[in-house]
Amino acid sequence: MSLNEAIELARGNRYQEAFPYFEKAYQGELDSFNEWSWYFYSKTLGKIGKLEAALKVNHFLLKKKPDFAPNLNLYGWHLHKSSIKNADNEEKLLSAANFIVKHTKQEQYSPYERTVIEVLKFMKDKPNTNYNQVLYWTEQLDPKLLNQEVFSFTTDEGKRMEIASPLEFWYQHRIRALFETKQYEGCSSLVDEAMSAIKSFHYSNDIWFRIRQAVSIGQLGDVEDAIVRLHAIGREKQYWTVYQELFHLYIQQEKFEKALEMGSFALLEKSGEFKHKIKLLVHMGFALEKIDKPKEALLHYCFVVKLRADNNWPIIPKIEDRIALLQQEESAPNNIKRELIEFWKEIKLQSLPKGTGKVKSLLPKGNAGFIESNTGEDLFFQVRNVRTRKIDVNSKVNFHIMNSFDQKKQRESKEAIEIVVI
């Protein structure tokens, strides 16, 4: 009777107690084992940490009863735990994942959905993501069956955190993969669907979706619409990638001065390190040569060489050739980075209107406030944009005005930058 006792204990989640009964039954009652006996034996082994033994029982039962769904799901969960969760071996991970999507279904209590999500996370974290693989794995999920509920938790520091829902996660990876594989029409359509389906976005996904949609629209031929969309996004979030995309669109239109303005905005934004902006720096150099500014082009090329050397990356032969050619007439200064920052600032500020006024108020934390301009307009400012001595209420100031976005009121606004106390 050891087998019946073992099964009852396992049904009651008393796996440590069930294990010796299963071992005894295995020695003396093997002929009495049916598919449910093997199922609970495997489940018990998995629960007490004997995962390899559990997998062997799953494999044995698969051969004996290939259509027994409870074993297929249990086998999948054991494979998920052994080969997929926290995986560091791609071949092993994909082998297990392919087995799971072949033998289980996307339904409650199945390892199917969790497995595909883990595979997509693994793909995203690879140094060179294969977006065709990402497309394949997103195709293994039916978005209509994915949950929209977010997972929330409290950190040890008492901070409330949220993780995106499985549906938002799917849109995030599917949209990126369509974009990276240049399937622009599909990308744009899916963004519309996502913006309608997701109630609350995480990780600024709504912004990234709209950026990729705007660029896709530009790639499909409507450059003007793409530019309008990206400028609107840029007023909400000053991401350097937004300005970089605007740079490329203006280059496409051969509006080199406007392109350089957008490139300067991108390069001055602190949201990305210079080593991630190397391609933009190269194209800035090309654009400067187009408008006959060889000295400034040389600065950009020399900075690219320095960044690549600092990161132990090989130097691009084409850039070395450009430097050799330009250095016949120009020479690069010692502090290339400082010269470039001043150059970008000059271009950026030339495009922005100027203003004069006084500080109306400072917010309680003292890191931001409002300026009342001489035209009577209230402008938000951040103290980090003050370029001279300490600022205080009633300080008279000069500044430049940049279009911005009031996140609290969800409307376009204006912000004072490059503030100088007078």
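A few points about this structure:
Here is a yes/no grid of residues against (1) at pLDDT 95 or above; (2) surrounded by 15 or more Cβ atoms within 10 Å (Cβ to Cβ):
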position: MET1; (1), (2): no, no
position: LYS56; (1), (2): yes, no
position: LYS63; (1), (2): yes, no
position: HIS103; (1), (2): yes, yes
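- Lone qualifier among GLU412, GLU418, GLU372 - being touching a Gly at 6+ places or on another chain (Cβ under 6 Å), of a type outside the set (Phe, Trp, Tyr) and surrounded by 11 or more Cβ atoms within 10 Å (Cβ to Cβ): GLU372
- The number of residues in region 259-273 being buried (at least 17 other Cβ atoms within 10 Å of the Cβ) and closer than 24 Å to PRO127 by Cβ comes to 1.
- Selected residue (only one of LYS255, LYS277 is closer than 27 Å to TYR184 by Cβ, of a type in the set (D, E, K, R), modelled with pLDDT of 95 or more and under 19 Å from the mean Cα position of the chain (by Cα)): LYS277
- Cβ separations smaller than 6 Å between residues 6+ apart or across chains give the following pairs from region 232-248 residues that are among the basic types (Lys, Arg) to residues that are part of a helix (DSSP H, G or I): LYS237/ILE207.
- Just one of the numbered conditions (1) touching a His at 6+ places or on another chain (Cβ under 9 Å); (2) surrounded by fewer than 14 Cβ atoms within 10 Å (Cβ to Cβ) is not true of GLU329: (1).
- Helices (runs of 4 or more DSSP H) wholly inside region 168-258 containing at least 1 residues that are crowded, with 18+ Cβ neighbours inside 10 Å and aromatic (Phe, Trp, Tyr): 184-197, 205-219, 240-252
- Verdict on ASP310 being over 24 Å from the mean Cα position of the chain (by Cα), exposed (fewer than 14 other Cβ atoms within 10 Å of the Cβ) and either within 15 Å of LYS337 (Cβ to Cβ) or in contact (Cβ under 8 Å) with a residue 60 or more places away in the chain (or both): yes
- Pairs where the first residue, in region 121-138, is on the phi < 0 side of the Ramachandran plot and the second is of a type in the set (Lys, Arg) and modelled with pLDDT of 95 or more, C-beta under 6 Å, 6+ apart: THR138/ARG174
- Test for GLU107: is it outside the structural domain of TYR41 (by TED's automatic domain parsing), among the charged types (D, E, K, R) and not in a helix (DSSP H, G or I): no
- In this entry, GLY28 is excluded by the filter for residues that are surrounded by 13 or more Cβ atoms within 10 Å (Cβ to Cβ) and in contact (Cβ under 8 Å) with a residue 24 or more places away in the chain.
- Looking across region 32-85 at every residue that is part of a loop (DSSP other than H, G, I, E, B) and of a type in the set (D, E, K, R), the one that is farthest from ALA6 (Cα to Cα) is identified as LYS85.
- Residue count for region 346-358 satisfying the condition of being in a helix (DSSP H, G or I), among the charged types (D, E, K, R) and surrounded by 14 or more Cβ atoms within 10 Å (Cβ to Cβ): 1.
The values are calculated or read from the model by the stated rules, or taken from the named source; none is laboratory data. Not measured: the values here are computed from a predicted model. Note: ideal-geometry Cβ built from the backbone for every residue, glycine included; neighbour counts use all protein chains shown.
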